[in-house]
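Please read the structure below before turning to the comments.
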Amino acid sequence: MLSFDAVLMSDAQSEPWGGQTCYESNPYDAAPETGVTRHYNFTLSRQVINIDGYDNLAILVNDLFPGPLIEANWGDWIDVDVTKHLDEGSTLHWHGFKQTGTPWYDGSPGIGQCPIVPGKTLKYRFRAEQYGHYSAQYADDAVGPIVIYGPKSADYDHDLGPVMLSDYYDRPYFGPVADATGTSEDFDVYVPASDNNFINGRPSYAYNGSLTGTHSSACDPSEIDTGLETFRFKSGKSDRLRLINSGAAAFQYFSIDEHVLEVIAVDFTPIKPYNTTVLPLGIGQRANVLIHGSQAPDAAYWMRATVGTNCSRGSVNETKAMVYYDQAPQDARPTSQPYYIPNTWCTDVPLDKTIPLYPKLRELEVPGSIQQTCRDWQAYSEGNVVEQSDAGL
Ligand SMILES: [Cu+2]
């Protein structure tokens with residue numbers, strides 16, 4: 001079963017961008033005027049969910065975890081009516097969107113907007129200026145995928161949709177956020193320890209029973225057999241996966257045993273395709289990969305999201321999903337072995353591997369590789385205290 005069956009809205013193939021291509025049109029500022037608005041209704045509420053054996057008072061969008069998929073074509077407008085049934089200050093952030101002309105809808109509380117009033121609705125309205133995929137983010141599990149369809153940069157047979165890799169916390173965000181932004185120099189304090197790791201909101205390790213409260217070290221999670229996220233490949237066909245690190249703190253390495261990943265886009269930029277077996281993704285990063293179904297029709301493999309433990313901490317450092325070819329028996333548990341994962345200091349893919357297809361983007365100056373070293377947001381060495389009732393923008 002796929003978590004996001006709705007991927008590929010019915011008119012995604014109408015290609016309203018006309019003859020524009022990834023090679024000749026700037027993916028940053030050439031969005032077509034489609035005249036189309038995609039409308040969504042989101043309701044935020046706190047509810048107890050139990051995904052991995054622990055009761056967790058989570059914030060959900062429309063009672064779903066992960067939240068619902070948003071889909072649009074490049075150039076469309078997206079309207080989201082967000083109704084908040086929560087007593088705490090909250091907004092929704094649409095990660096990856098430029099918000100040209102609509103900075104107040106970026107969803108940063110105290111900066112771009114005041115928090116939504118409890119019981120009230122705020123209409124966010126912004127344009128799909130770029131194409132690719134993104135996530136709407138909020139701590140405490142209110143997170144969902146966004147897919148914007150645009151000119152194709154590579155041929156493939158099926159779009160399997162979003163694959164969200166995410167750390168998970170069986171406790172409210174207040175504690176981990178306080179630890180991460182505090183003054184401690186202790187790695188075991190300022191790097192919050194996650195309780196689990198998920199692929200599309202599904203664990204492959206769980207705690208035993210229906211537990212509440214603080215984890216004790218005596219209670220270790222163990223591997224489970226049911227409820228794992230599952231993907232179906234076809235022998236001889238190629239599939240597109242839209243990877244998103246939608247987590248709060250954990251650096252992820254994505255891999256599928258015995259399969260090469262052809263990377264065709266990173267974040268919102270189509271690139272010259274390159275091959276790899278293990279793909280690193282920092283928080284909020286996205287990548288489009290093609291899998292060429294090179295294995296036998298009855299084969300099954302593990303897909304893995306492995307946490308980079310040199311910069312992230314957690315009780316579960318690897319989560320698996322199942323990949324079945326079309327004739328593989330559904331009850332067969334894969335026995336494949338992982339690729340070696342170079343657990344270095346959580347660095348990005350070297351920039352000489354990610355060459356944009358649109359030539360002008362190659363001329364931009366880039367500040368070297370990205371490292372997860374930033375702990376809090378500072379301007380001129382001063383911390384920033386946000387006044388929620390007086391948004392700065
Ligand atoms: Cu963002």
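The values are calculated or read from the model by the stated rules, or taken from the named source; none is laboratory data. Remember, it's a predicted structure, so these values are computed and weren't measured experimentally. Every residue, glycine among them, receives a Cβ derived from its backbone with ideal geometry; neighbour counts consider all protein chains shown. Just so you know, the surface numbers come from the protein's heavy atoms only, side chains and all, with ligands and any DNA or RNA stripped out. Shrake-Rupley method; radii C 1.70, N 1.55, O 1.52, S 1.80 Å.
A few comments on the model shown:
- Residue list for the stretch 107-134, restricted to those being within 15 Å of the ligand (Cβ to nearest atom), touching a Lys or Arg at 6+ places or on another chain (Cβ under 9 Å) and open to solvent by 30 Å² or more (accessible area, probe 1.4 Å): none
- Counted residues, the stretch 83-106 - those being away from the ligand (no atom under 16 Å from the Cβ) and aliphatic (A, V, I, L, M): 1
- If you go through the stretch 329-359 and keep only what is open to solvent by less than 60 Å² (accessible area, probe 1.4 Å), of a type in the set (Val, Ile, Thr) and either closer than 30 Å to Thr230 by Cα or modelled with pLDDT under 80 (or both), you end up with Ile341, Thr347, Val349, Thr354.
- All positions within the stretch 263-283 that are in contact with an Asp or Glu (Cβ under 7 Å, 6 or more places away or on another chain) and part of a strand (DSSP E or B): Pro273, Asn275, Pro280
So that you can scan it fast, the table gives a plain yes or no per residue for (1) at pLDDT below 85; (2) under 21 Å from Ala128 (Cα atoms); (3) open to solvent by 20 Å² or more (accessible area, probe 1.4 Å):
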residue: Met9; (1), (2), (3): yes, yes, yes
residue: Gln13; (1), (2), (3): yes, yes, yes
residue: Pro32; (1), (2), (3): no, yes, no
residue: Gly35; (1), (2), (3): no, yes, yes
residue: Leu44; (1), (2), (3): no, no, no
residue: Tyr54; (1), (2), (3): no, no, no
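- Verdict on Arg362 being surrounded by 10 or more Cβ atoms within 10 Å (Cβ to Cβ), modelled with pLDDT under 85 and outside any loop (DSSP other than H, G, I, E, B): yes
- Looking across the stretch 312-327 at every residue that is open to solvent by 10 Å² or more (accessible area, probe 1.4 Å) and assigned to a loop (DSSP other than H, G, I, E, B), the one that is modelled with the lowest pLDDT is identified as Ser315.
- Residue match in the stretch 284-299 (condition: farther than 21 Å from Asp157 by Cα and not in a strand (DSSP E or B)): yes
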